[in-house]
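Enquirer: What follows is a single structure, and I will ask about it in a moment.
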Amino acid sequence: MDLKNLSVFSMANQNMQYLSAKEKVIAGNIANASTPGYLPQDIEKPDFGNAVTANLQMKVTNPKHLTGAHHNGGYKVYTPRPDSALTIDGNGVILEEQMNEASKASSEYKRMITIYNKYKSMIQLANTKISA
């Protein structure tokens, strides 16, 4: 039995892929915290509740087709408008905010792993009861 075909596992897997992509974007923001003119990027969260859009992965055939945004694992990465003052050199990264976002993403990832493992153990337990 392929667990990815079950909706709970599919949703957890998709959410973990999104969170991995989000952590890469946050890591890039932190790495560029002292780069002049750098503005922090964010990643668009897909609608996991809608089965049709949750399975869509954007395919980029030519980088010029999507100007102003790039994609990380099929998720749209964009630069939001700064809501706070920039530094003298034009950098908009606030490390405290980025660390907070990294912490939230990490906690959510661990929660998805817990859900995945709990459902997996329930299915294994049910399977052993049927087989016995």
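The values are calculated or read from the model by the stated rules, or taken from the named source; none is laboratory data. A quick note: this is a predicted structure, and the numbers were derived from the prediction, not measured. Here the Cβ positions follow ideal geometry from the backbone for every residue, glycine too, while neighbour counts run over all protein chains shown. Heavy atoms of the whole protein, side chains included, go into the accessibility calculation; ligands, DNA and RNA do not. Shrake-Rupley method; radii C 1.70, N 1.55, O 1.52, S 1.80 Å.
Enquirer: Which of the residues that make up segment 9-30 are open to solvent by 50 Å² or more (accessible area, probe 1.4 Å) and either over 19 Å from Tyr78 (Cα atoms) or not aliphatic (A, V, I, L, M) (or both)?
Expert: Here is the first cut: in segment 9-30, the ones open to solvent by 50 Å² or more (accessible area, probe 1.4 Å) are 11, 17, 23-24, 27, 30.
Once the filter is applied, which keeps residues that are open to solvent by 50 Å² or more (accessible area, probe 1.4 Å) and either over 19 Å from Tyr78 (Cα atoms) or not aliphatic (A, V, I, L, M) (or both), segment 9-30 yields Met11, Gln17, Glu23, Lys24.
Enquirer: Determine if segment 85-102 includes at least one residue that is open to solvent by less than 70 Å² (accessible area, probe 1.4 Å), modelled with pLDDT of 95 or more, polar (S, T, N, Q) and out of contact with any strand residue (DSSP E or B) (no Cβ under 7 Å at 6 or more places or on another chain).
Expert: yes
Enquirer: Tell me, which residue of segment 63-84 that is in contact with a helix residue (DSSP H, G or I) (Cβ under 7 Å, 6 or more places away or on another chain) and not in a loop (DSSP other than H, G, I, E, B) is modelled with the highest pLDDT?
Expert: Step one: list which residues in segment 63-84 are in contact with a helix residue (DSSP H, G or I) (Cβ under 7 Å, 6 or more places away or on another chain), which gives 72-73, 75, 77.
Retained after the next criterion (residues that are not in a loop (DSSP other than H, G, I, E, B)): 72, 75, 77.
Working: Asn72: 64, Tyr75: 85, Val77: 90.
Filtering segment 63-84 for residues that are in contact with a helix residue (DSSP H, G or I) (Cβ under 7 Å, 6 or more places away or on another chain) and not in a loop (DSSP other than H, G, I, E, B), the one modelled with the highest pLDDT comes out as Val77.
Enquirer: Among the candidates Gln124, Gln98, which residue alone is assigned to a helix (DSSP H, G or I), more than 26 Å from Val8 (Cα to Cα) and polar (S, T, N, Q)? Explain how you work it out, then say what you get.
Expert: Working: Gln124 fails: more than 26 Å from Val8 (Cα to Cα).
Gln98 is the lone residue from the list that is assigned to a helix (DSSP H, G or I), more than 26 Å from Val8 (Cα to Cα) and polar (S, T, N, Q).
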